[in-house]
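> Structure below; questions to follow.
Coordinate-derived values only; no laboratory data. This structure is a prediction, so every number in the text was calculated from the model and none was measured. So basically every Cβ, Gly included, is an ideal-geometry build from the backbone, and we count neighbours across all protein chains shown.
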Amino acid sequence: MSLDGLALALLFAGVLLWATGLLPQQAAGDVTERVVPLVAFLFAAVVLAELAGQAQVFDVAATWMARLGRGSYPVLFVLCVLLCSFTTIALNLDTTAVLLTPVMLALAHRVGIAAVPLAMTTVWLANTASLLFPVSNLTNLLAADRVALEPLEMAGVMWAPQAVSILVTMVFLWVLYWRRGRRGEAAYLPPAPPRIADPWLFGVCAAACAGFLLLILLWDVPLWAASWGAALVSLAVFAARGRDRLRASWRQLVPWRLLALVPGMLLVVTWLSSLGLDRLLGALTGTDDGLGGMLRAAAAGAGLSNVINNLPAYLAGEAAIPAGNHRQLLALLIGVNVGPLVTTFASLATLIWFDRCRAAGVHVPKGPFALAGLGLAVTAVTASTLALHLAA
């Protein structure tokens, strides 16, 4: 089934469960209350990211990154990690999958280097670099009320597991994809300086992205307000200077696929929880808020994410963890953020990434992808959970 078909099927199933009463009205109302601000943020964030992509913000960043590498693969590797990590942390993992994937694949073609190392760097860090801020992952937004942490407070708690997960990812990326024996070439030819078609569009959209980050970190502006403010600024400059491009790309600007997938998925998993999924997860995670319970919650979250997707896996896991067990809940967050690396549907970012790779003609075999992802998921989830335990 295509991603479009999956989104529509899940939304139809969720609405049908609600309409027929199979999903309890109270549970459906609770999910709706949580989903509405989530969807409002997601809509504006995708519009902001799409407009920034059209204004060449990501193209320019990737091209200068390759120029800064000066033909050195180790330097390019570090710069790619920094760019993918920053995009995921600051703008969310779906932005990395939606917009950075085609940019990185186009860069590989332009510079004449292998596409798969760049592609794997993008998809792995889209997941493993999504722990630091509420904005970095939709699961973090779902957890925001329960953990009661402001963006900078969350970063203060999650910096250690985030640093560990990125470092572990770097080791796996280098050994499996980037080292000389795997990539083949000793050096690459740096690209020419980027040519910006419209400096005004580029400058305003880049400033809007930076302003969005500053608003949520320094002034504690609600995520939906910050994302809508930045998106409207970008839309205004496009309306003034790029109206033709807006008319031509309005279908890409409206993220209907994600807007259908997220509420449908959460409604369906709420119904499954009412049938006993939360009790099963409760048996798996236990009630210990110490290291043992943290490891169990992280493993359960990672495993379930690769079976049903990380968003519903978090929601089901949250219902199973006692209200006061904040460390166990954060460990669950590590599992559902860092662990969805094995199956193609484990996270929305991975689904989108596969779709973008197919569109670009880049073939990623699913068997090796799953095996490599399994090794990274087990190692990174375990190491990050230990880091959380030691830092807490």
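> Per residue of the range 161-175, in order, report the coupling 6.51 cos²θ - 1.76 cosθ + 1.60 (Karplus, θ = phi - 60°) as ³J(HN,Hα) in whole Hz, putting x for Gly and Pro.
These are the phi-based 3J(HN,Hα) values: x, 5, 4, 5, 5, 5, 5, 5, 4, 4, 4, 5, 4, 5, 5 Hz.
> 222 nm [θ] for the chain, helices only, -39500 (n - 2.57) per DSSP H run of 4+, per residue, to 500? Spell out each step's value before the answer.
Values: 19 runs with 297 residues, N = 392.
After summing the helix terms and dividing by residue count, I get -25000 deg cm²/dmol.
> Express the relative contact order of the chain as a whole percentage, based on alpha carbon pairs under 8 Å and six or more residues apart in sequence.
Values: 617 pairs, mean separation 96.9, N = 392.
Reported as a whole number, the value is 25 percent.
> More than 35 Å apart: what percent of Cα pairs in the chain qualify? Spell out each step's value before the answer.
Numbers: 17512 of 76636 pairs.
Looking at the chain, the distances longer than 35 Å represent 23 percent of pairs.
> Top mean-square fluctuation among GLY339, GLY303, GLY229, Gaussian network model of the chain, C-alpha springs under 10 Å?
GLY229
> Charges only on Cβ, +1 for Lys and Arg, -1 for Asp and Glu: so what's the dipole of the chain about the Cα centre, in debye to the nearest 20? Let's see the in-between values first.
On the way: 22 positive and 18 negative charges, 272 e Å.
About 1300 debye.
> By how many nm would the segment from VAL254 to TRP64 grow when fully extended, if each residue of separation counts as 0.36 nm and the alpha-carbon distance is taken off?
Extra length from VAL254 to TRP64 when fully extended: 65.5 nm.
> Compute the helix-to-body angle for 73-91: its Cα long axis versus the longest principal axis of the chain, expressed 0 to 90° and rounded to tens.
It is inclined by approximately 50 degrees.
> Quick check: the angle from helix 366-391's long axis to the longest principal axis of the chain, C-alpha only, nearest 10 degrees?
70
> A follow-up question, please. Run the quick spin-label model on ARG241 and ALA9: label points 7 Å from Cα toward the beta carbon, then report their separation in nm to one decimal.
About 4.4 nm separates the two model spin labels.
> Where the centroid of each part is defined by its Cα atoms, how far is the range 345-392 from the range 1-34 in Å?
Taking the Cα centre of the range 1-34 as reference, the centre of the range 345-392 is 27 Å away.
> Taking the Cα centroid of the range 124-153 and of the range 255-332, what is the distance between the two, rounded to the nearest whole Å?
15
> With the calculation restricted to Cα positions, what are the radius of gyration and Dmax of the range 162-210 in angstrom?
Looking at the range 162-210, its Cα Rg and Dmax stand at 17.6, 44 Å.
> Helix 199-218 against the longest principal axis of the chain: what's the angle in degrees, Cα atoms only, rounded to the nearest 10?
30
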